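Novice: Here it is, the structure in full.
The values are calculated or read from the model by the stated rules, or taken from the named source; none is laboratory data. Since we're looking at a predicted model, the values are computed, not measured. As a convention, Cβ positions derive from the backbone with ideal geometry for all residues, glycine included, and neighbour counts pool all protein chains shown. We work out accessible area using only protein heavy atoms, side chains counted, and drop any ligands, DNA or RNA first. Shrake-Rupley method; radii C 1.70, N 1.55, O 1.52, S 1.80 Å.
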Amino acid sequence: MKIKTKIILLVLIVIIIFLVFFLKNNYKNLKVGNNMSNKSIEEIEKYILNISSYKAKIEMLVNSNKTTNKYVLLQTYEKPNKTKQIILEPSNIEGLETEYDGQNLIIKNTKLNLSKVYENYEIIVNNYMTLEAFISSYESLKENNKTKIYEENNNVIMEVEEETNNYIYKKSLYISRDTGAPSKLMIEDINGEELVYILYNEIEIK
């Protein structure tokens with residue numbers, strides 16, 4: 001009986017030691033890994049500006065003429081300029097795809113099995129409603145002191161002002177302190193009216 005008790009105690013001690021070691025190491029990995037709560041504003045800014053590719057499911061609200069239109073989209077991006085966008089909602093334009101390979105713009109309608117290619121198309125890089133467009137604006141205007149970065153309600157907010165465009169005047173990207181990932185993007189005109197609100201429901205970043 002005593003031998004059995006000693007064996008049980010020995011096993012329990014081994015299990016406790018194992019759990020303490022496992023939890024200690026996993027906690028350390030969490031702190032060093034994807035948890036952005038201990039990162040500085042500058043580190044988070046650098047992380048966002050160095051995004052090389054992403055895949056996101058977004059909900060976008062567009063305000064115009066006192067009406068609000070809602071869209072659900074899939075967006076993908078690969079540096080330097082490969083992009084793809086698929087409309088999931090509303091149903092009347094569901095399946096409409098736009099894809100840019102760095103030179104040509106391809107528009108597809110999967111429902112009607114139609115496609116159109118526009119060669120040597122450059123205007124797609126000015127799509128103000130994408131994360132890569134925000135990053136490009138932020139980088140180009142940072143040297144001119146037209147950007148801001150600050151913390152608010154567990155978010156790091158990156159702002160950029162494009163004074164040459166009265167309609168796409170100010171863009172604000174909200175980054176979650178916990179994950180380091182974008183949570184929303186807001187676009188305002190020169191009067192402070194919100195034109196576009198983008199919510200990143202899902203996003204994978206590389």
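Novice: Restricted to segment 65-81, and to residues that are surrounded by 15 or more Cβ atoms within 10 Å (Cβ to Cβ) and of a type in the set (Val, Ile, Thr), which residue is farthest from Ile48 (Cα to Cα)?
Specialist: That would be Val72.
Novice: Tell me yes or no: at least one residue of segment 189-204 is open to solvent by less than 20 Å² (accessible area, probe 1.4 Å), touching a residue at least 60 places away in the same chain (Cβ under 8 Å) and over 17 Å from Ile51 (Cβ atoms).
Specialist: Scanning segment 189-204, I find at least one residue that is open to solvent by less than 20 Å² (accessible area, probe 1.4 Å), touching a residue at least 60 places away in the same chain (Cβ under 8 Å) and over 17 Å from Ile51 (Cβ atoms), so the answer is yes.
Novice: Shifting gears a bit: Inside segment 82-127, can you point out the residues that are open to solvent by 50 Å² or more (accessible area, probe 1.4 Å), modelled with pLDDT of 85 or more and outside any strand (DSSP E or B)?
Specialist: Within segment 82-127, Ser91, Asn92, Ile93, Glu94 qualify.
Novice: For segment 157-176, give me each residue that is under 17 Å from Ile203 (Cα atoms) and open to solvent by 20 Å² or more (accessible area, probe 1.4 Å).
Specialist: Across segment 157-176, the qualifying residues are Tyr174, Ser176.
Novice: With respect to Ser183, is the statement that it is closer than 24 Å to Ile48 by Cβ, touching a residue at least 12 places away in the same chain (Cβ under 8 Å), assigned to a helix (DSSP H, G or I) and not β-branched (Val, Ile, Thr) true?
Specialist: So Ser183 does not fit the description; no.
Novice: Name the pairs whose Cβ atoms lie under 9 Å apart, with the first residue in segment 36-65 and without any contact (Cβ under 8 Å) to a residue 24 or more places away in the chain, the second of a type in the set (D, E, K, R) and open to solvent by 30 Å² or more (accessible area, probe 1.4 Å), and 6 or more positions between them or separate chains?
Specialist: Note: pairs meeting the criteria are Asn38/Lys31.
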